[in-house]
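Beneath this line is the structure, given in structure tokens, with notes to follow.
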Amino acid sequence: MSAYLVVEAVLTDPKGFVPYTKVVPSLVAKMGGEYIAIGGESEVLEGEWGNTKVVLHRWPSMQAARDFWYSDEYQEAIKLREGTGEFRVMLVDGVKQEVLKK
């Protein structure tokens, strides 16, 4: 069952964030993840979002996403975004198809 890594980011140093963006997409792909949304245009339909950008990855499983997040390679890459903004990250389990058919 798929799992989703949801990232909420408010960048304070977009130029400083660029090195992170050069490294992480290939690491996500190498480890079996796939980008669903990557901070593009958005429209607030309800509530307050401010300057927030959202990034969404799909992973084959919760464990695959954890393996990515806690990997030595990603832990090195994450240092590249230090001081470039505020980030919140959540791992969410996907919906079983049987649930949708009920």
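Modelled label positions at residue 29 and residue 49, each set 7 Å beyond Cα in the direction of Cβ, lie 2.6 nm from each other.
Taking the number of Cβ atoms within 10 Å of each Cβ as an exposure proxy, the fewest-first ranking of 46, 82 is 46, 82.
Only lysine pairs 8 or more places apart, or on different chains, with alpha-carbon atoms under 21 angstrom apart are counted in the chain, and they number 7. Based solely on its DSSP helices, what 222 nm [θ] is calculated for the chain when runs of n ≥ 4 H residues each add -39,500 (n - 2.57) and the sum is averaged over all residues, nearest 500 deg cm²/dmol? Taking each H run of at least 4 residues, the total per residue is -10500 deg cm²/dmol.
Take every pair of alpha-carbon atoms less than 8 Å apart whose residues are at least six positions apart; their mean separation over the length of the chain yields a relative contact order of 52 percent. Taking the radius of gyration and the Kirkwood hydrodynamic radius from Cα positions alone, what is the Rg/Rh ratio for the chain, to two decimal places? In the chain, Rg relative to Rh is 1.00.
Values quoted throughout were computed directly from the atomic coordinates according to the rules given, and no laboratory measurement underlies them. Owing to the predicted nature of the structure, the values given are computational and were not obtained by experimental measurement. Every residue, glycine among them, receives a Cβ derived from its backbone with ideal geometry; neighbour counts consider all protein chains shown.
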